[in-house]
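In what follows, a single structure is set out as structure tokens and then discussed.
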There are 4 protein chains.
Amino acid sequence: MSNQTVETSLRVRYAETDQMGIAYHANYLAWFEVGRTEWCRATGFTYRDMEQHEGIYLMVADAQCRYKAPARYDDVLIIKTKVNSFKKRLIVFGYEVLNRASGQLLATGETTHTVTDAEGHLRSLPEKYSKFFEG
Amino acid sequence: MSNQTVETSLRVRYAETDQMGIAYHANYLAWFEVGRTEWCRATGFTYRDMEQHEGIYLMVADAQCRYKAPARYDDVLIIKTKVNSFKKRLIVFGYEVLNRASGQLLATGETTHTVTDAEGHLRSLPEKYSKFFEG
Amino acid sequence: MSNQTVETSLRVRYAETDQMGIAYHANYLAWFEVGRTEWCRATGFTYRDMEQHEGIYLMVADAQCRYKAPARYDDVLIIKTKVNSFKKRLIVFGYEVLNRASGQLLATGETTHTVTDAEGHLRSLPEKYSKFFEG
Amino acid sequence: MSNQTVETSLRVRYAETDQMGIAYHANYLAWFEVGRTEWCRATGFTYRDMEQHEGIYLMVADAQCRYKAPARYDDVLIIKTKVNSFKKRLIVFGYEVLNRASGQLLATGETTHTVTDAEGHLRSLPEKYSKFFEG
């Protein structure tokens, strides 16, 4: 299984803050998805093409995030993404979110995905893509 | 042209606030869209069916919002939606957002829509739907 | 401990869909927060007042969602919210999301909250509010 | 008045798409805000510090966006931001959104801001910041 950890960075937007003065917690799931997109690209394929050309989707079946310290507007965050578990029908990604300036770990998370077609029916990940997960 | 004004209400979510302690300004465009959806339903059809069954889309070509007073978490808002202008290829909706408790006008806005198919090609709104706009 | 289950309903917005044609998974965390807000109101207090008047915040420490079936634009959802565990410094809410028309269970979830002040320092939930959780 | 145009780029997130398969129109306002943040940084100050240290806010009074062509998931966009008009109490920013790969202009927009304190009262932009707008 691929043990590649891919790092991507993003800056917290004003739109992502809430009245507590910190990044709203649901945004971390969207940031995880940014991490997945970049994991795919760094590993050798684009998630966009997999959807468009193969009709293969990684449907989110479960998402979990543990929040350790807040992210704030204009902070640059590092999203570290790796594959925690891989089967041809079930993929688990793991994430760490860090503050780039301080190195502090802000959150950890995990998302579980089933492989489906556009209608949501279970599929097996084609060899063309599974090779990237097998490493 | 239909002169029906449709009112719908919604409560400001924590997710919609920003660190200024007020509802983030981009949310008003999503609220306008809630207003359009309810305008359609109240007038006699559902926007969902028009997309799914007819392949007709009201693509946003222009959006404008003027902000007069802030909305805050847990405020109940009234969205008043009406049609400002109607042609079979171009529809303009107008909106007012009010605080339900105080009656204060918080924002006004307008969105302009072209009628398209799923690929974004210009279409003419079928009679089945145009009759609702013609009033 | 309170065993009250509070139901609230909401309609999926176009803004909440993604290109898979279903509600984007991060929105469920925002819907859970709508559920919490209404749990508080139904139980006897408002989360807004607790923040504004007491300076007490329920900081999200952990969030988890399991997705069983998709929600789609214009679907009406029922959010069922209850308290899974209560201590004066740590509160766990549990959620079920159902499609109102079909009764189908779409998702289940849980959020864990620490009680803090505005600066994020741990606090103990004042008696004024803890009574509602103790039931 | 400053005639500096600042370019920043961002990649369209899956979270930002809708069921039409394109970026949801309200996201452009959040992207404009990313553009403003980077305009400030490139010009010599940070919006974050202006809020935190001076208690000065640029409240959105009006926002307008004209959509010319859709943005899609994984597209890299260029946001060009400049100041269209500057007075010490009223600032107008202008934006262009382009597809980086094709160079196509996707949208243009404008946001008007009043200068306020944290409570929303009108202020005059302090010399410390106005010099950056005066160019």
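General remarks:
- Test: residue in the range A:74-96 that is within 11 Å of chain C (Cβ to nearest Cβ), closer than 19 Å to C:Ala26 by Cα and either of a type in the set (A, V, I, L, M, F, W, C) or touching a residue at least 12 places away in the same chain (Cβ under 8 Å) (or both): no
- Output for the range C:121-135, where each listed residue is closer than 19 Å to C:Asn84 by Cα and aliphatic (A, V, I, L, M): C:Leu125
- A:Ala63 fulfils the conditions (1) closer than 30 Å to D:Met50 by Cβ; (2) part of a strand (DSSP E or B); (3) among the small types (Gly, Ala, Ser) except for a single criterion, (1).
- Residue within the range A:37-55 that is of a type in the set (Lys, Arg), farther than 26 Å from C:Trp31 by Cβ and buried (at least 18 other Cβ atoms within 10 Å of the Cβ) present: yes
- Which listed residue, of C:Ala15, C:Ala101, C:Ala23, C:Ala71, is over 13 Å from the mean Cα position of the chain (by Cα) and within 12 Å of chain A (Cβ to nearest Cβ): C:Ala23
- Residues of the range C:41-56 classified as part of a loop (DSSP other than H, G, I, E, B) and in contact (Cβ under 8 Å) with a residue 40 or more places away in the chain, total: 4
- The residue that is farthest from C:Lys68 (Cα to Cα), counting only those in the range C:97-135 that are free of Cβ contacts under 8 Å to residues at least 40 places away in the same chain and outside any loop (DSSP other than H, G, I, E, B), is C:Glu127.
- Inside the range D:49-68, residues that are under 19 Å from D:Gly120 (Cβ atoms) and within 11 Å of chain B (Cβ to nearest Cβ) make up a count of 9.
- Among the residues of the range C:21-33, the ones that are touching a residue at least 12 places away in the same chain (Cβ under 8 Å) and either surrounded by fewer than 20 Cβ atoms within 10 Å (Cβ to Cβ) or not in a helix (DSSP H, G or I) (or both) come to 4 in all.
Bear in mind that the values in this text are calculations on the coordinates, not laboratory data. This is a predicted model, so every value here is computed, not measured. Glycine also receives a Cβ, built like all others from the backbone with ideal geometry; neighbour counts cover every protein chain displayed.
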